[in-house]
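The values are calculated or read from the model by the stated rules, or taken from the named source; none is laboratory data. If you're wondering where the values come from, they're calculated on a predicted model, not measured in any experiment. Positions of Cβ are generated from backbone atoms using ideal geometry, with glycine treated the same way; all protein chains shown enter the neighbour counts. Remember, those area values only see protein heavy atoms, side chains included, never the ligands or the DNA or RNA. Shrake-Rupley method; radii C 1.70, N 1.55, O 1.52, S 1.80 Å.
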Amino acid sequence: MTKIYVLNGVNLGALGTRRPEVYGSRTLKDIEAALAGEFPDVEFAFRQTDYEGEMVEWVREAGRSADAVIINPGAWTHYSYAIHDALEATETMKVEIHLSNIHAREEFRRHSVVSAAVDATVVGMGEFGYKAAVSYVLDRM
Ligand code: DQA
(Lines give C-alpha, C1' and ligand atoms only; values in the text may rest on other atoms or scores of the structure.)
Protein backbone atom coordinates (compact mmCIF):
# COMPACT_ATOMS: atom_id res chain seq x y z
CA MET A 1 0.00 0.00 0.00
CA THR A 2 1.32 3.43 -0.93
CA LYS A 3 1.90 5.59 2.13
CA ILE A 4 1.62 9.36 1.75
CA TYR A 5 2.11 12.04 4.38
CA VAL A 6 -0.11 15.08 3.81
CA LEU A 7 1.40 17.86 5.91
CA ASN A 8 -0.22 21.24 6.40
CA GLY A 9 1.60 24.05 8.11
CA VAL A 10 0.94 27.25 9.91
CA ASN A 11 -2.64 28.63 9.93
CA LEU A 12 -4.01 25.87 7.70
CA GLY A 13 -5.92 24.47 10.66
CA ALA A 14 -8.16 27.53 10.26
CA LEU A 15 -9.34 26.60 6.76
CA GLY A 16 -13.08 26.99 6.43
CA THR A 17 -13.22 30.31 8.24
CA ARG A 18 -9.90 31.84 7.20
CA ARG A 19 -10.37 34.07 4.14
CA PRO A 20 -12.83 31.74 2.37
CA GLU A 21 -12.75 33.98 -0.71
CA VAL A 22 -9.09 32.99 -1.11
CA TYR A 23 -8.86 29.50 0.40
CA GLY A 24 -12.42 28.17 0.03
CA SER A 25 -14.97 27.32 2.69
CA ARG A 26 -14.01 23.71 3.29
CA THR A 27 -12.16 22.79 6.46
CA LEU A 28 -8.92 20.83 6.48
CA LYS A 29 -10.86 17.89 7.91
CA ASP A 30 -13.25 18.08 4.91
CA ILE A 31 -10.30 18.08 2.51
CA GLU A 32 -8.63 15.15 4.28
CA ALA A 33 -11.86 13.13 4.38
CA ALA A 34 -12.40 13.71 0.66
CA LEU A 35 -8.86 12.51 -0.11
CA ALA A 36 -9.27 9.39 2.01
CA GLY A 37 -12.58 8.66 0.23
CA GLU A 38 -11.17 9.27 -3.23
CA PHE A 39 -8.03 7.18 -2.73
CA PRO A 40 -9.03 4.21 -0.55
CA ASP A 41 -5.91 2.28 -1.55
CA VAL A 42 -3.57 4.93 -0.14
CA GLU A 43 -2.50 4.89 3.49
CA PHE A 44 -2.52 8.57 4.49
CA ALA A 45 -0.95 10.31 7.45
CA PHE A 46 -2.74 13.65 7.77
CA ARG A 47 -1.07 16.20 10.03
CA GLN A 48 -1.26 19.95 10.68
CA THR A 49 0.89 22.11 12.93
CA ASP A 50 1.58 25.74 13.70
CA TYR A 51 5.05 24.84 15.04
CA GLU A 52 7.94 24.88 12.61
CA GLY A 53 10.12 22.40 14.51
CA GLU A 54 7.26 19.90 14.62
CA MET A 55 6.87 20.22 10.85
CA VAL A 56 10.61 19.63 10.38
CA GLU A 57 10.33 16.43 12.48
CA TRP A 58 7.37 15.20 10.42
CA VAL A 59 9.19 15.84 7.13
CA ARG A 60 12.08 13.76 8.40
CA GLU A 61 9.72 11.05 9.67
CA ALA A 62 8.04 10.95 6.24
CA GLY A 63 11.46 10.45 4.69
CA ARG A 64 11.95 7.36 6.84
CA SER A 65 8.50 5.82 6.63
CA ALA A 66 6.47 7.06 3.63
CA ASP A 67 6.56 6.81 -0.14
CA ALA A 68 5.82 10.50 -0.58
CA VAL A 69 5.14 13.74 1.25
CA ILE A 70 2.66 16.36 0.09
CA ILE A 71 3.25 19.59 1.96
CA ASN A 72 1.51 22.94 2.18
CA PRO A 73 3.86 24.92 4.40
CA GLY A 74 1.56 27.97 4.58
CA ALA A 75 3.50 31.18 5.23
CA TRP A 76 6.68 29.17 6.02
CA THR A 77 6.85 28.67 2.25
CA HIS A 78 8.22 32.14 1.89
CA TYR A 79 10.98 32.18 4.49
CA SER A 80 11.66 28.84 6.20
CA TYR A 81 15.10 27.60 5.25
CA ALA A 82 14.64 25.02 8.01
CA ILE A 83 11.76 23.40 6.13
CA HIS A 84 13.68 23.71 2.85
CA ASP A 85 16.65 21.91 4.41
CA ALA A 86 14.47 19.18 5.93
CA LEU A 87 12.86 18.54 2.53
CA GLU A 88 16.20 18.65 0.75
CA ALA A 89 17.55 15.96 3.09
CA THR A 90 14.50 13.74 2.56
CA GLU A 91 14.86 11.08 -0.11
CA THR A 92 11.17 10.33 -0.62
CA MET A 93 9.03 11.96 -3.33
CA LYS A 94 7.97 15.50 -2.38
CA VAL A 95 5.18 17.72 -3.67
CA GLU A 96 4.59 21.30 -2.54
CA ILE A 97 1.02 22.52 -2.75
CA HIS A 98 -0.77 25.85 -2.36
CA LEU A 99 -4.51 26.33 -2.49
CA SER A 100 -4.17 29.84 -3.87
CA ASN A 101 -2.14 31.06 -6.83
CA ILE A 102 0.74 32.53 -4.84
CA HIS A 103 2.17 34.08 -8.02
CA ALA A 104 -0.88 36.29 -8.45
CA ARG A 105 -0.95 37.61 -4.89
CA GLU A 106 1.18 39.92 -2.73
CA GLU A 107 4.84 40.29 -3.65
CA PHE A 108 6.05 38.42 -0.53
CA ARG A 109 4.08 35.30 -1.54
CA ARG A 110 5.54 35.07 -5.03
CA HIS A 111 8.73 33.37 -3.97
CA SER A 112 8.90 29.94 -2.36
CA VAL A 113 12.10 29.00 -0.57
CA VAL A 114 11.02 25.36 -0.45
CA SER A 115 10.31 24.81 -4.18
CA ALA A 116 13.96 24.07 -4.94
CA ALA A 117 13.81 21.10 -2.56
CA VAL A 118 10.72 19.34 -3.98
CA ASP A 119 9.94 17.27 -7.08
CA ALA A 120 6.81 19.16 -8.10
CA THR A 121 4.57 22.05 -7.12
CA VAL A 122 0.81 22.49 -7.37
CA VAL A 123 -0.44 26.04 -7.16
CA GLY A 124 -3.81 27.76 -7.41
CA MET A 125 -6.07 24.74 -7.90
CA GLY A 126 -7.80 25.03 -4.54
CA GLU A 127 -8.80 21.78 -2.84
CA PHE A 128 -8.48 19.96 -6.17
CA GLY A 129 -4.73 20.55 -5.95
CA TYR A 130 -4.45 17.97 -3.15
CA LYS A 131 -6.11 15.36 -5.37
CA ALA A 132 -3.85 16.36 -8.25
CA ALA A 133 -0.81 15.93 -6.00
CA VAL A 134 -1.89 12.44 -4.88
CA SER A 135 -2.62 11.44 -8.50
CA TYR A 136 0.82 12.67 -9.50
CA VAL A 137 2.48 10.63 -6.75
CA LEU A 138 0.56 7.47 -7.72
CA ASP A 139 1.39 7.98 -11.38
CA ARG A 140 5.08 8.33 -10.61
CA MET A 141 5.24 5.18 -8.48
C1 DQA B 1 -0.89 29.10 1.12
C2 DQA B 1 -0.29 30.40 0.57
C3 DQA B 1 0.59 31.07 1.60
O4 DQA B 1 1.12 32.28 1.08
C5 DQA B 1 -0.21 31.40 2.85
O6 DQA B 1 0.63 31.97 3.82
C7 DQA B 1 -0.95 30.23 3.37
C8 DQA B 1 -1.63 29.34 2.43
C9 DQA B 1 -1.90 28.46 0.14
O10 DQA B 1 -2.26 27.31 0.34
O11 DQA B 1 -2.36 29.12 -0.80
O12 DQA B 1 -1.08 30.04 4.57
O13 DQA B 1 0.15 28.16 1.32
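Rounded to the nearest Hz, the phi-derived 3J(HN,Hα) couplings of region 28-42 under the Karplus curve 6.51 cos²θ - 1.76 cosθ + 1.60 (θ = phi - 60°) are 4, 4, 4, 5, 5, 5, 5, 5, 4, x, 6, 10, x, 8, 9, where x marks glycine and proline. Solvent-accessible surface of region 2-140, taken per residue with a 1.4 Å probe and all protein chains present: 47 Å². For region 69-83, putting each phi into the Karplus relation 6.51 cos²θ - 1.76 cosθ + 1.60 with θ = phi - 60° gives couplings of 10, 10, 10, 10, x, x, 5, 4, 2, 8, 8, 8, 5, 5, 6 Hz, in residue order, rounded to whole numbers and with x for Gly and Pro. A protection proxy built from the mean count of other Cβ atoms within 10 Å ranks the segments 65-74, 117-126, most packed first, as 65-74, 117-126. Annotation: amide H-H contacts under 5 Å for GLN48 (H modelled 1.01 Å from N, sequence separation of 5 or more, or interchain): ASN8. The accessible surface of the chain, taken with every protein chain in place and a 1.4 Å probe, is 48 percent carbon and sulfur. Under a 5 Å amide H cut-off, with hydrogens placed 1.01 Å from N, ILE70 pairs with TYR5, VAL6, LEU7, VAL95 among residues at least 5 apart or on other chains.
Please find the FRET efficiency linking ALA82 to GLU38, where r is the Cβ-Cβ separation and R0 is fixed at 41 Å, and quote it to the nearest 0.05. The computed FRET efficiency comes out at 0.80. Each residue of region 133-141 is assigned a 3J(HN,Hα), and the resulting list reads 5, 5, 4, 4, 4, 5, 5, 6, 7 Hz, derived from the Karplus form 6.51 cos²θ - 1.76 cosθ + 1.60 (θ = phi - 60°), x at Gly and Pro.
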